[in-house]
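Undergrad: Got a structure for you, questions after.
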Amino acid sequence: MKKDIILLGIESSCDETSAAVVTNGRRVLSNIIATQVKLHAEYGGVVPEIASRKHVELIIPVIDKAIKEAGITLNDVDAISVTYGPGLVGTLLVGISAAKAIAFSLDKPLIAVNHIEGHIAANYISSPELEPPFICLVASGGHSHIVHVKGYRDFAVLGRTRDDAAGEAFDKIARVLGLGYPGGPAIEKEAVSGNPEAFSFPRVKFSDVPYDFSFSGLKTAVINTVHQFEQKRMPVPVADICASFQNAVVDVLVGNTLSAALEYKSNVICIAGGVAANSALRKRMSEKCLKNGISLYYPPVSLCTDNAAMVASAAYFYYIDEKWSANDLNAVPGLKLNENGI
Amino acid sequence: MQKYVAHNENDTIELGQKTAGLLKAGDIVALEGELGTGKTVFVKGVAKGLNIREHVTSPTFNIVHSYEGGSITLHHFDVYRVSDEDELFEIGFEEYLYKGDICIIEWADLIKNMLPENTIWIKLERTDENPDRRIITIRGLEPV
């Protein structure tokens, strides 16, 4: 029997510190995310929300826990994979330094992973039968991309945001309405009791790059509506605004992804990233896909938001082709898809 | 101090573009303004004025986006999500400031005491009458 390939994944590109152990790119043995972990023993208490970006303090305990929960030792790992961009340079470097140190001391290969590829790969975990090619919508707090996934390591970006990311629009509208952070779940909850047709917010289309997104004008339109109610000293219809705003975002995300799938004759669509957790998006995308004979895949919520299992999954397809990274690997905060150069 | 009226997004972009013509390497520009007043739109104009071809996208999530490729390298910050000075230090904020490039910082009022005295301050405000109109106040720079 062929030996399982065991990869350790490390993710620290933004808010979350995460480590995971995944076999053959598809099966998760452990997936630890610091903000969810009660590191009682190490810290004598729960890690507060404010410390979510204290990667330096969290990275080693999180890796230890991932290894322990997987029921293996570090020596059992075939390679160490880590996100090297896009993200925040300071936080990326914490994960990269840890990964390099482990790889060097154990004399194991180091694999650099693009965070966006990680989000896409989350679908390989939740749907083991899934294979490229397909069209993937990657939408999160920091990214909004439509990607033609031509192979496990072959990507073409068809569209991207020209201003705000989709998840960012949710966060900012939630901020204006006083609904707290993160904005996605809060707005989704309010939207349930609202009328999605109450307000007609703009849906921006570009003629030169038809799959590009713009959410900044939508954000301003929603803020203007809120101000109008405030100026007239009328109660702000929060639920209707949330439902109408969400409706506009979902319209654009689904519309652009579907046209990409039709144009590129893809009968498979995947969604990924934190916004893929939104149930209105899932519902509308499912309806449209069903109507057009397209299969739809999306990961569970736990694999939509930033996590290291998706990193180890993406890394597997580099491992089997022996695409290692050099020990002088550096963080690339503005990394684009298909710029991997390894 | 100068006050400008922008009647729409294009006016804000144009003012950003003209401002870029007055900026020199090493300048630090602080932007103040509520959500949706056009801070990122203004930076799009500055980037255009610096001959940066890339689309300027919101740096809210990643805190900083850097654009090389133009006449002067531009670092575009959004410090809204930064919880304290330690965190700014961790991302090398001071190194960016004194690199000799141009830094533009959204929500700069939140980190006032970390910015040098010669910082150029630009404030974008809504007006009650017209939802598209902005009053843009520039301090520390000659008139555009």
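Undergrad: In Å and whole numbers, how far do the C-alpha atoms of segment A:132-301 stretch along each principal axis, longest first?
TA: Principal-axis extents of segment A:132-301 (Cα, largest first): 55, 30, 27 Å.
Undergrad: Put a dot 7 Å past each Cα toward the Cβ at A:Val204 and B:Ile135; how far apart are the dots in nm?
TA: 2.7 nm
Undergrad: Helix A:309-319: angle to the longest alpha-carbon principal axis of chain A, degrees 0 to 90, nearest 10?
TA: 60 degrees
Undergrad: Report the calculated FRET efficiency for A:Lys3 and B:Glu54 (r = Cβ-Cβ distance, R0 = 41 Å), to the nearest 0.05.
TA: Approximately 0.35, to the nearest 0.05.
Undergrad: Kirkwood Rh over Cα pairs of the protein assembly as shown into Stokes-Einstein at 25 °C, 0.890 mPa s: D in µm²/s?
TA: Once the numbers are plugged in, D ends up at 105 µm²/s.
Undergrad: Say R0 is 35 Å: what FRET efficiency, to the nearest 0.05, do B:Phe89 and A:Val301 get from their beta-carbon distance?
TA: Efficiency for this residue pair is about 0.55.
Undergrad: Taking chain A as a Gaussian network, Cα atoms linked when under 10 Å apart, which of A:Arg27, A:Arg282, A:Arg175 shows the biggest mean-square fluctuation?
TA: Looking only at A:Arg27, A:Arg282, A:Arg175, the largest GNM fluctuation is found for A:Arg175.
Undergrad: Then there's this: Over all directions, what mean area does the Cα convex hull of chain B project, stated in square nanometres?
TA: Value for chain B: 7.9 nm².
Undergrad: Turning to a different aspect of this structure: Can you tell me which of B:Gly16, B:Gly33, B:Gly69 moves the most in a GNM of chain B? Springs connect C-alpha atoms under 10 Å apart.
TA: B:Gly69
Undergrad: For the protein assembly as shown, report the accessible area per residue in Å² (1.4 Å probe, heavy atoms, rounded to an integer).
TA: 42 Å²
Undergrad: Using the crude model of +1 on Lys and Arg Cβ and -1 on Asp and Glu Cβ, and no other charge, please compute the dipole size for segment A:132-301 relative to its Cα centre, in debye to 20.
TA: Taking the Cα centre of segment A:132-301 as origin, the dipole is about 180 debye.
Undergrad: OK, next. For the protein assembly as shown, with only Lys/Arg (+1) and Asp/Glu (-1) charged at the beta-carbon, what is the dipole magnitude about the Cα centre, in debye rounded to 20?
TA: For the protein assembly as shown, the charge dipole is close to 1060 debye.
Undergrad: Hey, another quick one. Compute the relative contact order of chain A as a whole-number percentage, counting only Cα pairs closer than 8 Å that sit 6 or more residues apart in sequence.
TA: Relative contact order of chain A: 24 percent.
Undergrad: Moving on to the next point. Roughly what angle does helix A:279-291 make with the longest principal axis of chain A, taking Cα atoms, 0 to 90 degrees, to the nearest 10?
TA: With both axes taken from Cα atoms, the answer is about 90 degrees.
Undergrad: At the nearest 100 Å², what buried accessible area, both sides summed, do you get for A and B when the probe is 1.4 Å?
TA: That pair of chains buries around 2500 Å² in total.
Undergrad: How many nm is it between the label spots at A:Glu287 and B:His7, if each spot is 7 Å from the Cα in line with the beta carbon?
TA: Roughly 4.1 nm, to one decimal.
Undergrad: Can you list, by residue number, the Cys in the protein assembly as shown that have no neighbouring cysteine C-beta under 4.7 Å?
TA: When partners are defined as cysteine Cβ atoms under 4.7 Å apart, the protein assembly as shown leaves A:Cys14, A:Cys242, A:Cys289, A:Cys304, B:Cys103 without one.
Undergrad: Let me ask something else. For chain B, with the dipole built from +1 on Lys and Arg beta-carbon atoms and -1 on Asp and Glu ones, taken about the Cα centre, which of B:Tyr96, B:Ala6, B:His76 lies farthest toward the positive end?
TA: So the residue we want is B:Ala6.
Undergrad: For chain A, with all protein chains present and a 1.4 Å probe, just round the carbon and sulfur fraction of the accessible area to a whole percent.
TA: That share works out to 53 percent.
Undergrad: Which angle between 0 and 90 degrees, to the nearest 10, do you get for helix B:39-49 versus the longest principal axis of chain B when only C-alpha atoms count?
TA: The answer is roughly 90 degrees.
Undergrad: By its C-alpha gyration tensor, with a ≥ b ≥ c as the square roots of the eigenvalues, how is segment B:77-144 shaped: rounded for a/c under 1.5, else prolate for a/b larger than b/c, else oblate?
TA: Oblate is the answer for segment B:77-144, as a/c is 1.5 or above yet b/c matches or exceeds a/b.
The values are calculated or read from the model by the stated rules, or taken from the named source; none is laboratory data. Since the model is a prediction, treat every value here as computed from it, not as a measurement. All Cβ positions, even for glycine, are placed from backbone atoms using ideal geometry, and neighbour counts span all protein chains on display. Note: areas computed on protein heavy atoms with side chains; ligands, DNA, RNA excluded. Shrake-Rupley method; radii C 1.70, N 1.55, O 1.52, S 1.80 Å.
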